[in-house]
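Notes follow once the structure below has been shown.
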Amino acid sequence: MKHVAAKHAPARLITLGPEGTFSHEMALKMGLTKPEEIVLLPTIHGIVAAVARGEGDGIVPMENSEAGSVGETLDGLARHPLFITGEMYMPIHHNLASLVPLEKIRVIYAHPQTHEQCSDAIERWGVPVIHTSSNSSSALEAKKTPNAGALIPVIAAEIYHMPILVRNTENNAANTTRFVRISHAPVHDKMPEKCSILIDPDRDRSGLLHDLLEAFARRNINLTRIESRPSKRKIGEYVFFLDTSWSEKTADAIAELKTITGVKELGCYREIGVPE
């Protein structure tokens, strides 16, 4: 995988904390190590709001190969005037850590996405799970709770001095999370690799989804992802997030969509390579 060039790294990244989250690890992989260069906030909502205020660029998880999309990120992109300016991929490995042996663990702390990604192992252990706001919080809660374990990344185990009992507890060895870099301004790249848009239909009618997809199919543009999310206005009303491979015809397809329904362009961008 390509290494990110230093000139492309923003001077300040806002991402999910506390220290020891996969998001924090991704920020470190991008070459930022000084305290003032990485701002850790407890929620994705807070990150998105801070980026919208112009306080820096953000790094947020977009989707996971096992657990699917991250709803908070999609909702934030829909609610705020933000742009995706790059994407990064990270192999995700979870580990069971505890201050006591496995047979003495009576409760496991885990982030909901971590729980879903490690559901097979949790089922085998037969131990109750308590959800937390982050992988780092899982480590902190397990440290102060008798006979508790935590499902956490290696970086969190190292930071919070939690011995790892079982490594690689994820269901799928190819478990991967896609992160995106978000900014209050778009990038202007003449040859991006991917474009993302949000479609907010102004009315419900037969054939609408067909018309939306046909604008890309007719131009032989590949849709790499499509997902619906509740509009949050009323039951049964949805918005659609689309990722497309970039081509010289992509702008024409998006322009056609704007004549059909409401469209918000989230940006055209490249993958940012990061060290393994």
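The values are calculated or read from the model by the stated rules, or taken from the named source; none is laboratory data. All values derive from a computational prediction rather than experimental measurement. Counting neighbours? That spans all protein chains shown, and the Cβs are built from the backbone with ideal geometry, glycine included.
Laid out as a table, the results:
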read-out: Count of residues meeting criterion [in a loop (DSSP other than H, G, I, E, B) and touching a residue at least 60 places away in the same chain (Cβ under 8 Å)] in the range 66-87; value: 3
read-out: Scope the range 72-112; condition among the small types (Gly, Ala, Ser) and within 13 Å of the chain's Cα centre (by Cα); matching residues; value: GLY76, GLY86
read-out: Condition met for THR114 (among the β-branched types (Val, Ile, Thr), in contact with a Pro (Cβ under 8 Å, 6 or more places away or on another chain) and touching a residue at least 12 places away in the same chain (Cβ under 8 Å)); value: no
read-out: All positions within the range 218-231 that are over 14 Å from TRP246 (Cβ atoms), touching a strand residue (DSSP E or B) at 6+ places or on another chain (Cβ under 9 Å) and exposed (fewer than 13 other Cβ atoms within 10 Å of the Cβ); value: SER228
read-out: Entirely in the range 119-229, the strands (runs of 3 or more DSSP E) that have 2 or more residues that are more than 23 Å from PRO91 (Cα to Cα), hydroxyl-bearing (Ser, Thr, Tyr) and more than 26 Å from the chain's Cα centre (by Cα); value: none
read-out: Sole residue being surrounded by fewer than 16 Cβ atoms within 10 Å (Cβ to Cβ) and not charged (D, E, K, R), chosen from MET191, MET162; value: MET191
read-out: Some residue of the range 149-171 being in contact with a helix residue (DSSP H, G or I) (Cβ under 7 Å, 6 or more places away or on another chain), modelled with pLDDT of 95 or more and within 30 Å of THR244 (Cα to Cα); value: yes
read-out: Criterion violated by GLU63 - all others in (1) outside any helix (DSSP H, G or I); (2) modelled with pLDDT under 90; (3) not aliphatic (A, V, I, L, M) satisfied; value: (2)
read-out: Criterion (in contact with a helix residue (DSSP H, G or I) (Cβ under 7 Å, 6 or more places away or on another chain) and aliphatic (A, V, I, L, M)) met by exactly one of MET62, MET26; value: MET62
read-out: Residue that is nearest to PHE179 (Cα to Cα), among those in the range 1-51 that are at pLDDT below 85 and not in a loop (DSSP other than H, G, I, E, B); value: HIS8
read-out: Among residues of the range 239-255, those that are in contact with a Lys or Arg (Cβ under 9 Å, 6 or more places away or on another chain) and either free of Cβ contacts under 8 Å to residues at least 12 places away in the same chain or not in a strand (DSSP E or B) (or both), counted; value: 6
read-out: Criterion (under 30 Å from GLY54 (Cβ atoms) and in contact (Cβ under 8 Å) with a residue 60 or more places away in the chain) met by exactly one of VAL154, VAL180, VAL166; value: VAL180
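Results for (1) under 22 Å from THR177 (Cα atoms); (2) surrounded by fewer than 21 Cβ atoms within 10 Å (Cβ to Cβ), shown as yes or no for each residue.
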{"site": "GLY54", "(1), (2)": "no, yes"}
{"site": "PRO61", "(1), (2)": "yes, no"}
{"site": "HIS93", "(1), (2)": "yes, yes"}
{"site": "VAL100", "(1), (2)": "no, yes"}
{"site": "ALA110", "(1), (2)": "yes, no"}
{"site": "GLU116", "(1), (2)": "yes, yes"}
{"site": "GLU123", "(1), (2)": "no, yes"}
{"site": "GLY126", "(1), (2)": "no, yes"}
